[in-house]
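Asks: Pasting a structure here, questions to come.
Read the figures in this text as sums done on the coordinates, not as results from a lab. Model, not experiment: these values are computed from the prediction. Because the Cβ atoms are built from the backbone with ideal geometry, glycine has one as well, and the counts that use them run over all protein chains shown.
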Amino acid sequence: MRHDSTSRAARRKLLRWAAASPLAMAGGSGLWASQAPAGSQVARDDAAVITKVEDALDVFDFEAAARRTLPPAHFGYLATGTDADDTVRANREAFGRYQLRVRRLVNVAKPDLSVKLFGTSYDSPIVLAPVSSQRAFHPEAEVAVAQAARAQKHLQILSTLSSTAVEAVNTARGEPVWFQLYPTNDWNVTTAIVGRAEKAGCPVLVLTVDNLGNNRVTQKRLTRLDNRACQSCHAMPPSTGRFFITRPIFSGIDMSRAERVSPQDWSWNQIDRLRALTKMKIVIKGIVTREDAELARERGVDGIVVSNHGGRSEDSGRGAIECVREVVEAVAGAMPVLVDSGFRRGTDIFKALALGATAVCIGRPYVWGLAAFGQPGVEEVLKMLRRELELVMRQAGTASLSRIDSTYVIDRGRW
């Protein structure tokens, strides 16, 4: 989709709609209430939107810049939740449930943020979560993100629905990324995808299990405000197998029987089947309860990502951070537990680590940076969150990630 006078007019229409909409009011529902930074008193109108990476004060500045840059339909796809976006808001509001207990007179001159996952060390516990269709946000797409991850030494997870081939992303990253799997309803297609990712050197397969259908009202609403001709990007309806040929991972695969990703008839038996298919580590993304975490452990799964898909694919109304403790307790140290959905500040990350998470994945924030400024935007988001995490580690008196535990957090929800 090209950005021309039509798209600029559509964006002006979008902003006028937002200003007049009751969704913008405090306590409202939908996009503008759910994406506004909690407690912010700053009106991010056109005059306040940053134009340079170095002017950003927090990741929400990149959100505003992305909203100004992107066409309405593309921003709607990035920002949407499901139904009234209740779970998007819950992801942010849930962080207020936890308070930090901070210690004093601890030598924290050089906080150690390093973490080890499946034998590989990373400089930070901040992971780039899989986000599909990144060419919708910037022409350099996943390559720019991989180059930023390489520069800042962060783990990256690549979506099945990436705009860029896994081999090209691995080259840009300088080492193989983790590969996120959306299985289709055709097992032969799943076999081919997994085989290609493994051949490319990806060490970990991240199976997403929470995308079973949704009602993305915000996305639909903002798409109506987009007057551009979209056939060049969306010429093939996603309800048919032909849709898949626009995604590099499906190149050369017979997609004639594939109808959708994330089939609804999968069960725990498919985990055994997947295990027999690959030597890659298998991580399940989308686990949010003790019961499912226990089943994952029983099946020999190698890791879990606690996730509600950023509120995009379920309407539970429960924040992902609220699910961490029970999942961690259920796996009892048998595997690493990562978490995503709603993380925007260093204190958010610290709270997840204190609850037992091994690492934290971010999605929307780095894509905001990508949309607004390309690779430099992604890098600055990563630097910003790392600085914020280092700051709270100093404030709390934790010199390394290994020192962060449950004694540093109070759960007000248990009072």
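Asks: Could you sort the peptides 89-102, 195-208 by per-residue average Cβ neighbour count (10 Å cutoff), highest mean leading?
Replies: Values: 89-102: 18.1, 195-208: 19.9.
Output ranking for 89-102, 195-208: 195-208, 89-102.
Asks: Another one. Work out how much length residue 295 to residue 153 would gain on full extension: take 0.36 nm times their residue separation and subtract the Cα-Cα distance, in nm to one decimal.
Replies: 47.8 nm
Asks: Translational diffusion coefficient of segment 281-408 at 25 °C, 0.890 mPa s, Stokes-Einstein with Kirkwood Rh over Cα pairs, in µm²/s as a whole number.
Replies: On the way: Rh = 15.3 Å.
Value of D from the Cα-based Kirkwood radius: 161 µm²/s.
Asks: Quantify how much of the Cα-Cα distance distribution of segment 342-415 extends past 15 Å, in percent.
Replies: Values: 1532 of 2701 pairs.
Distances greater than 15 Å cover 57 percent of the Cα pairs.
Asks: Let me ask something else about it. If the cut-off is 16 Å between C-alpha atoms, which lysines fall inside it for residue 116, apart from same-chain ones fewer than 8 positions away?
Replies: Excluding near neighbours in sequence, the set is 153, 281.
Asks: When all alpha-carbon pairs of segment 291-357 are counted, what percent fall beyond 14 Å?
Replies: Details: 1216 of 2211 pairs.
Of all Cα-Cα distances in segment 291-357, 55 percent exceed 14 Å.
Asks: Which of 57, 370, 158, 401 has the fewest other C-beta atoms within 10 Å, and how do the rest follow up to the most? Present the calculation step by step, with values, prior to reporting the outcome.
Replies: Details: 57 9, 370 26, 158 30, 401 20.
Least to most surrounded, the residues fall as 57, 401, 370, 158.
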